[in-house]
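The structure under discussion appears below in the form of structure tokens.
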Amino acid sequence: MNNILSELKTAISYQIYETKEQLPENWEELGYQNIFLSKDYFEVLDKSAPNNMICHYIGLFEDQKLVGIAISQFLDLNKLESFGERDRCIKTTARKFILKNFASHVLLIGNNMLTGQNSFVFSDSISKSEGIKALKKASIDLKHKFKTMGKKVHIITFKDYTEHDIEKFAIDLNLFKNIYKYSTQPNMVFSIPFEWKTEQDYINSLLKKYRDQYKRARKKAEGIEKRKLHLEDIIAHEETIYNLYYHVAKNAPFNTFFLTKNHFRVFKETLQDKFLFYGYFLDGKLIGFNTLIKNGDTIDTYFLGYDDTIQKEKMLYLNMLYDMIAYSINKGFKEIIFARTALEIKSSVGAKPMEMYGFAKHSNSVGDLVFEKAFNSLEPKVVWQERNPFK
């Protein structure tokens, strides 16, 4: 166990943990607020994090009382065979060169496998500004820790924050001084009105054009059987599941990790009914799947996969979105986090974009300059039109 305890001027100390087993017994006093900072979720990462990722968990203390919890992830991009193969062009080649040579070792305060503020939870006894200050100190200690392991951290980054979060951080104007602020694709969030109780309420709220889209998609999907898969089913179909996932992931415009083959199995074993896995079958063959995570009154969409030829013919992806909406309404959830990518189609079913921001600092001034100048040109740009499907 390699715990680091460091006193801060604010009287807030921090301790860094390598595994879920090392966490204090009362971790869940804060962890219950976000499943992605819970002991159960950390167990999933301990057992099945991507092969190029090393996770640490950070506890913040005030007079030995736990007042904050957070996650960090170290990414070694040199271990990736591909950063994404959809966009084969000079820009992709340049991105690969720069990432490999100037930004291959990235330390995040946050979770690179998710979209949204899943970095930390602080108690009411400390401000976000105080908590972030402590996490910045912890990130420097982690940088030194990786250096002793022969891994030089090129970039330290904090993600994903809303404009509202940043306004709170700005109470301390020096909190992210001289640190590059960046934004990527927005988080697509679907808010569920209180008065909606069934999927039909959603359908009734749509403009005719989008009701017609709904009907057309449902008709196209005739013949496809949707099944809720249990642990034994996930294990039985594990090879096909991974192939479907990997096909979608590898053809994304940009990747910084790939899931391990046992990831979904471990997720189901550990989170049980908080992790939902739905398979889509055609003539008895698994041709697609999607996953959902219950996080309080929010549903987080997770990874999915599909046979691309059938997806196009059967409008499978769009039907998955409608299924996620129907489930969330029927079960009384307040919102769905649809995350990044496929912005326009998510917009067409009613999700709204929420801009997300991060802060990044390179380990040296030259690298910092290269990273800042390269980021906007190399980040895959998506031109899309926001839709409003509701009356």
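Each reported figure results from applying straightforward, stated rules to the coordinates on display, with no laboratory input. Please read all numbers here as calculations on a predicted model, not as lab measurements. Because the Cβ atoms are built from the backbone with ideal geometry, glycine has one as well, and the counts that use them run over all protein chains shown.
Rounded to whole Å, give me the distance from the Cα center of the range 37-56 to that of the range 226-261. Measuring centre to centre over Cα atoms gives 17 Å.
Counting only other residues whose beta carbon sits under 11 Å from that of Lys208, what net charge do I get with K and R as +1, D and E as -1? Value of the local net charge: +3. Using C-alpha pairs under 8 Å with a sequence gap of at least 6, the mean separation divided by the residue count of the range 188-354 gives a relative contact order of 36 percent. Projecting the Cα atoms of Leu304, Gln200, Leu276 onto the charge dipole of the range 188-354 (Cβ charges, centred on the Cα centre) puts Gln200 farthest toward the positive pole. Checking the a/c ratio against 1.5 first, then a/b against b/c, what shape does the Cα gyration tensor give for the range 131-271? In terms of gyration-tensor shape, oblate. Over the residues of the chain, the helix contribution to mean residue ellipticity at 222 nm works out to -11000 deg cm²/dmol, using -39500 (n - 2.57) for each DSSP H run of at least 4. Across the range 188-354, counting alpha-carbon atoms alone, Rg and Dmax equal 15.5, 43 Å. Straight-distance candidates among the lysines for linking to Lys168, with alpha-carbon spacing under 24 Å and chain neighbours fewer than 8 residues away dropped: Lys9, Lys65, Lys128, Lys133, Lys136, Lys137, Lys159, Lys177, Lys181, Lys352, Lys361. When we measure straight from the Cα of Lys145, which aspartates and glutamates land under 19 angstrom away, once same-chain ones fewer than 8 places off are left out? In chain and number order, the partners are Glu7, Glu18, Asp46, Asp76.
Derived scalar couplings between HN and Hα for the range 334-347 equal 8, 7, 10, 8, 8, 6, 8, 6, 6, 4, 5, 5, 5, 5 Hz in order, rounded to whole Hz, by the Karplus curve 6.51 cos²θ - 1.76 cosθ + 1.60 (θ = phi - 60°), x for Gly and Pro. The stretch between Glu386 and Leu207 holds 62.9 nm of extra length on full extension. This uses 0.36 nm per residue minus the Cα-Cα distance.
Within the chain, what is the longest stretch that has no GluC sites (Glu not before Pro) placed in a DSSP loop and near at most 11 other beta-carbon atoms within 10 Å? Result for the longest clean stretch: 223-391. Taking every alpha-carbon pair under 8 Å whose residues sit at least 6 apart, the chain reaches a relative contact order of 21 percent. The relative contact order of the range 287-335 comes to 38 percent, based on Cα pairs under 8 Å that sit 6 or more residues apart. A simple count of charges around His247, restricted to other residues whose Cβ falls under 9 Å of its Cβ and scoring Lys, Arg +1 and Asp, Glu -1, yields -1. About its Cα centre, the chain has a charge dipole of approximately 1360 debye under the convention of +1 per Lys or Arg Cβ and -1 per Asp or Glu Cβ, with nothing else charged.
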